[in-house]
Amino acid sequence: MFLPLLGLALVGAGCGSDHPDAGPPGRQPPAATWQGVVVSGPQRVAGARVRIQGSDDYVLSDERGCFELPPSEQANVMLAAWKPGYFIGLARREPGQTTIALRRLPEQDATDYHWVEPAPSAEDSQRCGNCHAEIYEQWQGDSHATAATNRRFLNLYAGTTWDGTGQAGWSLLDDYPLGAGVCASCHAPSLEGHQPGQDDLRQITGVAAQGVHCDFCHKIQQLLPAAPGIAHGRLAVQLLRPAEGQLFFGPLEDATRGEETYSPLLKDSRYCATCHEGIVFGVHVYGTYSEWLQSPAKSAGQSCQSCHMRPDGQLRNIAPGAGGIERDPATLASHQLLPGGKAAMLARCLNVAAEWTADETGSRLRIKVTAEDVGHRVPTGFVDRHLILHVQPVDDDNGQAVDNGGSSLIQGPLLPDAVGPELAGRPGRLFGRLLTSSTGNSPAPFWRTITQQTDTRLEPGRPVETEFRLAPGAHGVRVQLWYRRFWEQVRREKQWPDETIVVYDETLPAPRITP
């Protein structure tokens, strides 16, 4: 909350009330206020946001750098100030007037900067995990930490199988050798090469192997003007790395050890769009940001971070024992981007509802699937992710599914070949993006020449209804909704373990028809 200034004036080197613009002669500032001045070297700083550290309320320093704050009953109160272009300044509240000194940010990015490892280490005081242990643990459990080393990603990248010893199935490097740098810009953004021969993720070592790590994300000063999706990852951002000392862009205006500055960009969906929106090799592969632009969440003022960095209610101190203070947990973002894991997120956002009708010709089952409380289509992200709605008749005696392919007892839409031989041709519905290559192969990897694509994914808040008809005498159905990260054909060729997530699984007895 912004608190207006309370009428301040400059007296000598301080701020007082007998300046010509301060009002009637003899006017004194209210006794119950704290006064101070924000400076940078010998200069006063106007327009700085000043607050008691940990408070949401702030005032702006006036044209002379002066400010006045309501007092606090806390002991040893620290005052914080920040303005764009400066590091955050922090000073202990002093009797009389408190001076808060700001330092300007460096003007140029130091390209010879050495990236900081995230993992804690007693031998390196700069390691992120030393001070931010809880945040580090959250990040380490997220896919950003394994963006450069994820086994499935590397299998698709290099054409290898699960154990890394064989060659099978899709291979980006075999089909498109010059595409390596496109992958590296998002999956290993601190990799120094980005030239042919220098961006091979199979050879990655050092901090770059930590994927999308703390130091990279907190060195982003601004986004380049290219529209989201045209430039990707590191190639879409302007970094600001210090030639000496340290510099971190953070989400709080008053948290500092003398090395931090505030960046509202960290709460902006465009920040996420650098990697989560992408036209790659001419195909709109990643569209999460553009999906968000069309979503009810965006209209309601919710950003990507509103859901995926939502405070967990547990974190109260971002750097306990290292200068951090206790804060309202509602103000501290979580770095667990899929709270509770992917299965829990899918269960929360996907609703399956079924309704029976019946007459002498048989029973009809209408199944409605809705993506709720999401800011993008479901599934989103990597193009091969999909949902499978599968409907199968059940035996009345034991409730077990009847394995007859479904065609004789159930009429309705059938699943396409892309879902795999066990399910293809069975009653159900696919929610996904299916790419077809110029050679007619479908599914096809996005880096080949794509001539056709269909998109049947769920849109936020828009239910999709599917009707199935049971023949007379059918006892009921088992309805399942599955989530898969990759097409079954690819999974088998790569010898990946089956990690299908069951989102919904219910057996629904058919209604009895009375004469």
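Read the figures in this text as sums done on the coordinates, not as results from a lab. This is a predicted model, so every value here is computed, not measured. Neighbour counts run over all protein chains shown; Cβ positions are idealised from the backbone, glycine included.
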**Q.** Cβ charges +1 (Lys, Arg) and -1 (Asp, Glu), total dipole of segment 31-117, debye
**A.** 280 debye
**Q.** Interchain or long-range residues, amide H under 5 Å from Asp312's placed H
**A.** Ser334
Q | Cα lying deepest toward the dipole's positive end in the chain, options Cys131, Ile325, Gly181, charges on Cβ | A | Gly181
Q) Whole-Hz Karplus ³J(HN,Hα) for segment 69-79, in order, using 6.51 cos²θ - 1.76 cosθ + 1.60 and θ = phi - 60°, x for Gly and Pro? A) 10, x, x, 10, 7, 5, 8, 6, 6, 9, 10
Q | Given charges at beta-carbon only (K, R positive; D, E negative), |dipole| of the chain in Debye | A | 580 debye
Q. Which of the GluC sites (Glu not before Pro) across segment 76-147 are loop residues per DSSP, with 11 or fewer other Cβ within 10 Å?
A. Glu107, Glu123
Q: Any chance you could count the Lys pairs in the chain whose alpha carbons are under 24 Å apart, treating pairs 8 or more apart or on different chains as valid?
A: 8
**Q.** At R0 = 41 Å, FRET efficiency that the Cβ-Cβ distance of Thr205 and Gln43 yields, to 0.05
**A.** 0.35
Q) For segment 124-135, in order, what is each residue's ³J(HN,Hα) by Karplus, 6.51 cos²θ - 1.76 cosθ + 1.60 with θ = phi - 60°, in whole Hz (x at glycine and Pro)? A) 9, 5, 7, 4, 4, x, 4, 9, 10, 4, 5, 5
Q: Assuming 1.002 mPa s and 20 °C, estimate D for segment 124-219 with Stokes-Einstein, Rh taken as the Kirkwood radius over Cα pairs, in µm²/s.
A: 150 µm²/s
Q: Work out the length of the dipole vector of segment 60-106 about its Cα centre, built from +1 on the beta-carbon of each Lys and Arg and -1 on the beta-carbon of each Asp and Glu, and round it to the nearest 20 debye.
A: 280 debye
Q. For labels at Glu372 and Asp175 in the simple 7 Å Cα→Cβ model, what's the distance in nm?
A. 3.8 nm
**Q.** Cα-based equivalent ellipsoid of segment 243-402: semi-axis lengths in Å, sorted from largest, via gyration tensor
**A.** 44, 20, 14
Q) Taking the Cα centre of the chain as the origin and placing charges on Cβ (Lys, Arg +1; Asp, Glu -1), which of Ala122, Thr451, Leu387 is farthest toward the positive end of the dipole? A) Thr451
(Q) Give me the extension gain from Glu259 to Gln314: residue separation times 0.36 nm, minus the current Cα-Cα distance, reported in nm with one decimal. (A) 17.2 nm
Q: Work out from phi, with θ = phi - 60° and the Karplus expression 6.51 cos²θ - 1.76 cosθ + 1.60, the ³J(HN,Hα) of each residue of segment 353-370, listed in order in whole Hz, and give x for Gly and Pro.
A: 10, 10, 9, 9, 9, 8, 8, 5, 8, x, 10, 10, 10, 9, 10, 10, 10, 10
**Q.** Label assignment, Cα extents along the principal axes in Å derived from the structure, set (i) 97, 63, 40; (ii) 76, 57, 40; (iii) 85, 56, 48
**A.** (i)
**Q.** Furthest towards positive pole of dipole, Gly250, Ala226, Pro264, structure part the chain, Cβ charges
**A.** Ala226
Q. Counting only residues 5 or more places away or on other chains, whose amide H sits under 5 Å from the amide H of Gly476 once H atoms are built in the peptide plane?
A. Val394, Ala510
